[in-house]
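What follows is calculated from the coordinates using simple rules that are stated; it is not laboratory data. These numbers were taken from a predicted model, which means no experiment stands behind them. We place every Cβ from the backbone using ideal geometry, glycine too, and count neighbours over all the protein chains shown.
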């Protein structure tokens, strides 16, 4: 399975990555510290993120998760 981690805190992304890989060793995990960067990648390659599980921080300074 594939995962997108979008959180402005790198420690949270690290914890999520380690937890995911503990239970799904073959997982592909992409991390983003900026929601705008993640959104740009999703909009540029919408088929590449089809079927991904997204962990999205709701409370970020630049752009919120809502």
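For segment 9-53, name all the residues that are in contact with a helix residue (DSSP H, G or I) (Cβ under 7 Å, 6 or more places away or on another chain) and more than 19 Å from residue 66 (Cα to Cα). Steps first, please.
Residues of segment 9-53 that are in contact with a helix residue (DSSP H, G or I) (Cβ under 7 Å, 6 or more places away or on another chain), as a first pass: 27, 29, 31-33, 42, 49.
If the condition is that a residue be in contact with a helix residue (DSSP H, G or I) (Cβ under 7 Å, 6 or more places away or on another chain) and more than 19 Å from residue 66 (Cα to Cα), then 27, 29 are the ones that fit.
Count, please, the residues in segment 17-66 that happen to be assigned to a loop (DSSP other than H, G, I, E, B), within 13 Å of residue 7 (Cβ to Cβ) and within 11 Å of the chain's Cα centre (by Cα).
3
Considering (1) loosely packed, with under 11 Cβ neighbours inside 10 Å; (2) touching a strand residue (DSSP E or B) at 6+ places or on another chain (Cβ under 9 Å); (3) not in a loop (DSSP other than H, G, I, E, B), say which one residue 11 fails and leave the rest.
Residue 11 satisfies every listed condition except (2).
Could you please tell me which pairs satisfy a Cβ distance under 9 Å, a separation of 6+ or placement on different chains, a first residue in segment 42-60 that is more than 21 Å from residue 8 (Cα to Cα), and a second residue that is part of a loop (DSSP other than H, G, I, E, B)?
Matching pairs, first to second residue: 51/1.
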